[in-house]
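Beneath this line is the structure, given in structure tokens, with notes to follow.
The values are calculated or read from the model by the stated rules, or taken from the named source; none is laboratory data. Everything numeric in this text was worked out from a predicted model, so none of it was measured. In this analysis, Cβ positions are derived from the backbone assuming ideal geometry, glycine residues included, and neighbour counts consider all displayed protein chains. For the accessible areas, the whole protein counts, side chains as well, though only heavy atoms, and no ligand, DNA or RNA atoms are used. Shrake-Rupley method; radii C 1.70, N 1.55, O 1.52, S 1.80 Å.
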Amino acid sequence: MEVLAVFLGILPAFFIGLLASSHTHWSQWLEKLGMGEAWGASHSRPAPAAKWLGNGEADFGDFCVRVYDPASGLIREASFQFRVVTTFDDPDSFGRFIQSFGQVIRDEVLVTVRATSPSELQEVDYLARKVVTRINRLLGQPVLKTARIENFSLAERAISKGGGESESSP
């Protein structure tokens, strides 16, 4: 009798596990049909971190980095486009690399710009070399050959006592 009670107690857990595993299967099937939203899933995939341009070049797109300095009450904003030349010669190997490390590279660009002084931000060639050096060091191999920072703009805004912002350029 006790064995039957234990079996009946375990039976719902077994069915829940079975249902959960089949839900994944059915969700994938519905996603292929374009009906993944019916199960609360989105069938759209996130955009890749970079776009292959050919000949080893990649476009990481637009960046906008804001840094707030509470001591001075200034908000510094750097906007730019980031392009690199990689060691990859074909789009397939580049795609695999970006799938694995694309977001890491984007994050490192953000960290580098935030950690760079305003006077160093004025020299975009230096900033690009600094980003390449940090990324290659982080990944443990020279994956990026060169980088270009295009359409760079730097602005500073001060937060006034009333909560509003005033804009200035360095």
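Could you check the spin-label model distance between Ser72 and Lys145? Points 7 Å from the Cα along Cα→Cβ, value in nm.
With each label placed 7 Å out from Cα toward Cβ, I get 3.8 nm.
Tell me, what HN-Hα J-couplings in whole Hz come from the Karplus equation 6.51 cos²θ - 1.76 cosθ + 1.60 at θ = phi - 60° for each residue of segment 88-97, using x for Gly and Pro?
Those phi angles translate into 8, 9, 10, x, 5, 5, 4, x, 5, 5 Hz.
Once fully extended, how much extra length lies between Ser93 and Met1, figured as 0.36 nm per residue of separation less the alpha-carbon to alpha-carbon distance?
On the way: separation 92, 0.36 × 92 = 33.12 nm, distance 6.16 nm.
The Ser93-Met1 span can extend by a further 27.0 nm.
What number comes out for accessible area per residue over segment 44-158 if the probe is 1.4 Å? Units Å², please.
Heavy-atom SASA per residue in segment 44-158 reads 56 Å².
Hey, can you grab everything whose amide H is under 5 Å from the amide H of Thr86? Only 5+ residues off in sequence or another chain; H modelled, so Pro and N-termini drop out.
Glu57, Ala58, Lys145
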